[in-house]
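The values are calculated or read from the model by the stated rules, or taken from the named source; none is laboratory data. On a predicted model such as this, the values are computed, not experimentally measured, just so you know. All Cβ positions, glycine included, derive from the backbone under ideal geometry; neighbour counts span all protein chains shown.
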Amino acid sequence: MSTTLQKYLPERAVEPCLSLIEHNGVHLKIVNHRVTRHGDYRRMPNGLHQITVNASLNKYRFLITLVHEIAHLVAFEKYGRRIKPHGLEWKRTFQHLMIPFIRPEVFPSQLLPIIANHFKNPKASSSTDARLSIALKTFDSEERKNSYVYELPIGSKFRLYNGKLFQKGKKRIKRFECTELATGKVYLFQPNAEVELIS
């Protein structure tokens, strides 16, 4: 397992993550890219704890995702299954588990203040924290780089992962109005939504 983790994690995070995995009895599966999620946690019918993480993530997002999912397991075990999946108990558990990793031996110096700020009140997904998501994207491999909605000029046409075509409109307070070309319906997009620029 240690050799596998070396491919996906920052070097100084491998041993601490291996300890977390072994201590909590995690069956880790590294899976193909899924657009809708970076990872997930499930308690299997046989009682085993299965965590999946996308192989396509860069090593810093992989680390955050892995610890995020382990935090679900630990929070459910400690507080019971009735807690909210991303409620206060999970947030505190996630913060506690991440503290040993928020240091310059693990994360690049430009990411540290953004990560520290995120973990004051962690979100259900690192993708919903636009500042963190954009900072993490700079470490993606070239073939994984799409455009963000906020980068596109007003009036640009773009495609989503599901093939639907949109045209970018004006910005509201935080999100952008984008019109689906096939239906004329207007949707609000997060600034860090990843899309493929058409024109």
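Residues to consider are R61, R81, R37, R12; find the one that is more than 19 Å from A124 (Cα to Cα), out of contact with any Pro (no Cβ under 6 Å at 6 or more places or on another chain) and of a type in the set (K, R).
None of the other options fit; the residue is R12.
Table: residues versus (1) touching a Pro at 6+ places or on another chain (Cβ under 8 Å); (2) among the acidic types (D, E); (3) closer than 19 Å to Y8 by Cβ.
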| position | (1), (2), (3) |
| --- | --- |
| V106 | yes, no, yes |
| L111 | no, no, yes |
| P122 | no, no, no |
| S127 | no, no, yes |
| S141 | no, no, yes |
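If you go through region 29-37 one residue at a time, do you hit one that is buried (at least 19 other Cβ atoms within 10 Å of the Cβ) and either not assigned by TED's automatic domain parsing to the domain that holds P85 or not charged (D, E, K, R) (or both)?
Among the residues of region 29-37, not one is buried (at least 19 other Cβ atoms within 10 Å of the Cβ) and either not assigned by TED's automatic domain parsing to the domain that holds P85 or not charged (D, E, K, R) (or both), which makes the answer no.
Kindly check whether there is at least one residue in region 153-168 that is touching a helix residue (DSSP H, G or I) at 6+ places or on another chain (Cβ under 8 Å), loosely packed, with under 13 Cβ neighbours inside 10 Å and on the phi < 0 side of the Ramachandran plot.
Within region 153-168 (the criterion being touching a helix residue (DSSP H, G or I) at 6+ places or on another chain (Cβ under 8 Å), loosely packed, with under 13 Cβ neighbours inside 10 Å and on the phi < 0 side of the Ramachandran plot), the answer is no, since none of the residues qualifies.
I'd like to know if region 79-94 contains one or more residues that are outside any loop (DSSP other than H, G, I, E, B), at pLDDT 95 or above and touching a Ser or Thr at 6+ places or on another chain (Cβ under 6 Å).
no
Which residue, of K123, K137, K157, K170, is touching a Phe, Trp or Tyr at 6+ places or on another chain (Cβ under 9 Å) and either of a type in the set (S, T, N, Q) or closer than 30 Å to P85 by Cα (or both)?
Checking each option against the conditions leaves just K137.
Does any residue in region 12-35 that is on the phi > 0 side of the Ramachandran plot come within less than 9 Å, Cβ to Cβ, of a residue that is of a type outside the set (G, A, S) six or more places away or on a different chain, and which pairs are these?
Filtered contacts from region 12-35: G25/L48; G25/H49; G25/L73.
What's the number of the only condition in (1) under 19 Å from P16 (Cβ atoms); (2) surrounded by 18 or more Cβ atoms within 10 Å (Cβ to Cβ) that P100 fails to meet?
With respect to (1) under 19 Å from P16 (Cβ atoms); (2) surrounded by 18 or more Cβ atoms within 10 Å (Cβ to Cβ), P100 is out only on (2).
Got at least one residue in region 57-80 being over 19 Å from S133 (Cβ atoms), of a type in the set (A, V, I, L, M) and surrounded by fewer than 18 Cβ atoms within 10 Å (Cβ to Cβ)?
no
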